[in-house]
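Following: one structure in structure tokens, then a few remarks.
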Amino acid sequence: MEGQEKLRAAKVLVIGAGGLGCPAALYLAAAGVGRLSLADSDTVELTNLQRQILYRADSVGAQKAAAASSALRSINPDVDVVPIAARVKAGELDTLAAQCDVVLDCSDNFATRHAVNRACVQHRKPLVSGAAIRFDAQVMVFDLRKPAAPCYACLFPEDAQVEEVQCSQMGVFAPLTGVIGAMQAMEAIKLLAGIGESLSGKLQVFDAMSAEWRSIAVRKDPACQVCASR
């Protein structure tokens, strides 16, 4: 009962209502999170339906944020679902992060991931980050309430030369997004309820072809341009 009350009082921000955001938001709503803000500027396409499980054929052409919110309310009408049908910029992210307890990064590009990370560092909010492409995926918690915790830029520096790949171009194994999105919801619920041990400082890498997990320790970078002064 105590944990459920914590969830009812919690405010969660989910960035991205695609392959990761759909299952993550579904489990958070079903769990009874008090307020769930869901940000996505895209519209539903037919090719989304094989992995973005909140949408149906009649959702094609609709704003993802609105369609996802409607589906979530039908699952749990007691959850206050706030659709944000826009690509949120740095200033807006700063405001949104300040108003929530946990942020889930379910986006598909590094620019958004770094902007979300900066907002979470600024307001010391726990960040649950997930990514999936082809048959490979990763998930990690950046518990920025802890001074010694790394941030996303410690793992992927903002000035690093990283190849940008997206599901729309490279494809993704549909069940893989469900696995990672569900794990993001699980880690968020643990953080909100104050139970268990989170994935803070532990990058989990999953190879769907071999069904094998690897755990990689990630430490705070003392020279990180984003969180070094925190």
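Run the dipole for the chain about the Cα centre, Lys and Arg Cβ at +1, Asp and Glu Cβ at -1, nothing else charged, and hand back the magnitude in debye, nearest 20.
Its charge dipole is roughly 500 debye.
Mind pulling the per residue volume of the convex hull built on the Cα atoms of region 69-205? Å³ is fine. If you can, show how the numbers build up before the last one.
Values: hull volume 18.0 nm³, N = 137.
Considering the Cα atoms of region 69-205, their hull volume per residue is 132 Å³.
Amide H neighbours of T43 under 5 Å, at least 5 residues apart or on other chains, H built in the peptide plane: list them.
Placed amide hydrogens put K64 under 5 Å from T43.
At 1.4 Å probe size, put D80, D143 in order of accessible surface, largest to smallest.
Descending order: D80, D143.
Given labels modelled 7 Å from the Cα in the Cβ direction, how far is it in nm from N109 to D58?
The modelled label-to-label distance comes out at 3.2 nm.
For region 113-163, what % of the accessible area comes from carbon and sulfur atoms, probe 1.4 Å?
For region 113-163, the apolar C and S fraction of the accessible surface comes to 48 percent.
Please list the radius of gyration and Dmax for region 130-230, considering alpha-carbon atoms only, with Å as the unit.
14.6, 40
Let me check the size of the chain from its C-alpha atoms; what are the radius of gyration and Dmax in Å?
That works out to 16.4, 50 Å for Rg and Dmax.
Between their Cα atoms, which of K190/K220; K125/K146; K146/K190; K89/K190; K146/K202 are more than 19 Å away from each other?
K190/K220; K89/K190
Suppose only helical runs count, i.e. DSSP H with n ≥ 4. What mean residue ellipticity at 222 nm does that imply for the chain under -39500 (n - 2.57) per run, divided by all residues and rounded to the nearest 500 deg cm²/dmol? All intermediate terms of the calculation are to be shown ahead of the outcome.
Numbers: 8 runs with 81 residues, N = 230.
Helix contribution divided over all residues of the chain: -10500 deg cm²/dmol.
Whole number in Å², please: accessible area per residue of region 1-57, 1.4 Å probe, ligands, DNA and RNA not counted.
42 Å²
Once the whole set of protein chains is in place, how much accessible area is left on M140, using a 1.4 Å probe, in Å² to the nearest 10?
0 Å²
Measuring from a point 7 Å past the Cα of D136 along Cα-to-C-beta, which residues in region 193-230 have an amide N at less than 18 Å?
203-218
With θ taken as phi - 60° and the coefficients 6.51, -1.76 and 1.60, list the Karplus ³J(HN,Hα) couplings across region 194-210 in order, rounded to whole Hz; mark glycine and proline as x.
For region 194-210, the Karplus-derived couplings read x, 10, x, 10, 7, 8, 5, x, 10, 7, 9, 10, 10, 9, 5, 5, 9 Hz, x marking Gly and Pro.
Can you compute the FRET efficiency between D207 and Q50 using 1/(1 + (r/R0)^6), with r the Cβ-Cβ distance and R0 = 25 Å? Round to the nearest 0.05.
Rounded to the nearest 0.05, the efficiency is 0.75.
Debye calculation, C-alpha points only, no solvent: report log10 I(q)/I(0) for region 45-147 at q = 0.13, 0.15, 0.23, 0.25 Å⁻¹, in the same order as the q values.
Listed by q, the Debye log ratios stand at -0.57, -0.76, -1.32, -1.33.
With each label point set 7 Å from Cα along the Cα-Cβ vector, what nm distance links M170 and S74?
Here the modelled spin labels are 3.3 nm apart.
So how many Å³ per residue does the convex hull of the Cα atoms of region 1-102 work out to?
83 Å³
Which cross-chain or sequence-distant (5 or more) residues have an amide H under 5 Å from the amide H of K202, H modelled 1.01 Å from N in plane?
Here V141, V218 satisfy the definition.
Give me the extension gain from A217 to E197: residue separation times 0.36 nm, minus the current Cα-Cα distance, reported in nm with one decimal.
Numbers: separation 20, 0.36 × 20 = 7.20 nm, distance 1.44 nm.
Residue separation times 0.36 nm, minus the Cα-Cα distance, leaves 5.8 nm.
What distance in nm separates the simple spin-label points at T43 and E92, each placed 7 Å from Cα in the Cβ direction?
Rounded to a tenth, the inter-label distance reads 1.8 nm.
Using 0.36 nm per residue of separation minus the Cα-Cα distance, give me the extension gain between A228 and M1 in nm, one decimal. Working shown, then result.
Values: separation 227, 0.36 × 227 = 81.72 nm, distance 3.85 nm.
That works out to 77.9 nm of additional length.
Taking amide H positions as placed 1.01 Å from N in the peptide plane, with prolines and chain starts having none, which residues 5 or more places from L104, or on another chain, fall under 5 Å of its amide H?
The list, which skips near neighbours in sequence, is L13, V14, I15, V128.
The values are calculated or read from the model by the stated rules, or taken from the named source; none is laboratory data. None of the values given here were measured: they were computed from a predicted structure. Using ideal geometry, Cβ is built from the backbone for each residue, glycine included, and neighbour counts are taken over all protein chains shown. Surface areas here come from the heavy atoms of the whole protein model, side chains and all, with no ligands, DNA or RNA. Shrake-Rupley method; radii C 1.70, N 1.55, O 1.52, S 1.80 Å.
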